[in-house]
Amino acid sequence: MMTTIADRIDAAKARITQAEKQAQRPLDSVQLLAVSKTKPASDLRLAFEAGQTQFGENYLQEALDKQQQLSDLNIQWHFIGPIQSNKTRSIAEHFDWVHSVERLKVAQRLSNQRPDSMAELNVCLQVNISGEASKSGVSADELLPLAKQVAELPHLTLRGLMVIPQATDNPEHQQQQFSEVKALFDQLKSEYDSVDTLSMGMSGDLEVAVEQGSTMVRIGTAIFGARNKREQ
Ligand SMILES: *Cc1c(COP(=O)(O)O)cnc(C)c1O
C-alpha cells in the first residue's frame with residue numbers, strides 16, 4: 001500500500017511521542033518542523049491539510065515561489081539554509097523564523113531589514129560542534145559573544161540554537177555531539193528569557209536528539225520522501 005504524506009506525518013509524530021516517553025519528557029515538548037525543500041507546493045498543501053503548520057525551507061527563491069502559491073494558508077515559515085548577505089532582505093520580509101544565523105553581520109542586516117509592521121523575527125544561532133572548518137555554524141567559543149550581540153538587536157528575538165551534527169556511524173559520537181549542544185543551550189537559556197528552542201534532530205536521528213533535549217526536530221525525508229533534484 002502507498003503511504004500518504006498524512007500517514008507519514010502521523011508516523012513522525014508517533015516517533016516523537018515515543019521518544020518523549022522514553023526520555024521521560026513531557027508530551028508535546030518537541031515540535032515538528034516539516035522540511036519541504038525541493039518538494040512542490042502541492043505536497044506542502046497536503047501536509048497542511050493533515051494539520052502541519054510549520055515548514056522549513058533552504059533555498060530562498062524556491063521558498064518564495066511556494067509562499068505565493070500557498071498564500072491562502074496560515075503557515076509559519078522557517079528559513080533553515082545557508083544565508084548569503086545579499087538575500088537577507090527577502091528573508092527578513094518573508095519568514096517567521098531563521099535557524100541558520102552564524103554571523104553578526106547577517107543578524108544585523110536581518111534586524112535592520114525586518115519591516116516594522118511585522119513581529120520580531122525569531123532566530124536560532126547555528127552551532128558547529130564538530131570543529132570542521134568546512135561546516136557552517138559558530139564555534140562553541142564564539143557562541144556566547146555572538147548571542148549577546150544578537151540579543152540586543154531590536155527586530156530579532158533570540159530563540160535558541162540549531163545544529164546539523166557531523167555524520168557518524170558511531171552512536172556514542174552522535175550522542176556526544178547532541179549533548180554538547182544541549183549544554184550550550186542550557187547555558188544560553190539561563191542567560192536569556194527569550195531562549196526556549198533547541199532545533200536538533202532530523203529523519204535519521206530524531207530519537208537520539210529528543211533523548212538529548214531537542215525541542216524542535218526538522219524532518220524532511222521521513223515526511224516527503226527522497227529529495228527531488230533541484231532546478232538551478
Ligand atoms: C534537509 C534538511 C533537514 C531534513 O533532513 P532529513 O534527513 O531529510 O529529515 C533538516 N535540517 C536541515 C538544516 C536541512 O537542510
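Per the conditions (1) exposed (fewer than 14 other Cβ atoms within 10 Å of the Cβ); (2) out of contact with any helix residue (DSSP H, G or I) (no Cβ under 9 Å at 6 or more places or on another chain), the sole criterion not satisfied by P171 is (2). Filtered by the rule that a residue be in contact with a Cys (Cβ under 9 Å, 6 or more places away or on another chain) and modelled with pLDDT under 95, region 156-193 gives no residues.
Scanning region 158-202 for residues that are of a type in the set (D, E) and either under 25 Å from P82 (Cβ atoms) or in contact with a Phe, Trp or Tyr (Cβ under 8 Å, 6 or more places away or on another chain) (or both) yields E180, D196. The C-beta contact set for region 197-219 (first residue over 16 Å from V35 (Cβ atoms), second residue basic (K, R) and open to solvent by 10 Å² or more (accessible area, probe 1.4 Å), distance under 6 angstrom, 6+ apart or interchain) comprises Q212/K182; G213/K182.
Pairs are defined by a Cβ separation below 7 Å, a sequence spacing of at least 6 or placement on different chains, a first member in region 107-134 that is surrounded by 21 or more Cβ atoms within 10 Å (Cβ to Cβ), and a second member that is among the basic types (K, R); the pairs so defined are L121/R114; V123/R159; C124/R159; N128/K135.
One line per residue, one yes/no per condition, for (1) within 18 Å of the chain's Cα centre (by Cα); (2) open to solvent by less than 70 Å² (accessible area, probe 1.4 Å); (3) of a type in the set (V, I, T):
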position: L64; (1), (2), (3): yes, yes, no
position: L70; (1), (2), (3): no, yes, no
position: I83; (1), (2), (3): yes, yes, yes
position: D96; (1), (2), (3): yes, yes, no
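The set of residues in region 25-37 that are more than 19 Å from the chain's Cα centre (by Cα) and closer than 10 Å to V210 by Cα contains only R25.
When the criteria are applied in full, E57 meets the requirement of being open to solvent by less than 10 Å² (accessible area, probe 1.4 Å) and without any contact (Cβ under 8 Å) to a residue 60 or more places away in the chain. For L153, the criteria (1) under 19 Å from the mean Cα position of the chain (by Cα); (2) buried (at least 16 other Cβ atoms within 10 Å of the Cβ) hold in every case but one, which is (1). Of the listed requirements (1) part of a helix (DSSP H, G or I); (2) within 16 Å of the ligand (Cβ to nearest atom), A147 misses just one: (2).
The values are calculated or read from the model by the stated rules, or taken from the named source; none is laboratory data. Bear in mind that the values here come from a model prediction, so they are computed numbers and not experimental data. A quick note on method: Cβ atoms are made from the backbone with ideal geometry, for glycine too, and the neighbour counts reach across all protein chains shown. Accessible surface is based on the protein model in full, side chains and every heavy atom, while ligands, DNA and RNA are left aside. Shrake-Rupley method; radii C 1.70, N 1.55, O 1.52, S 1.80 Å.
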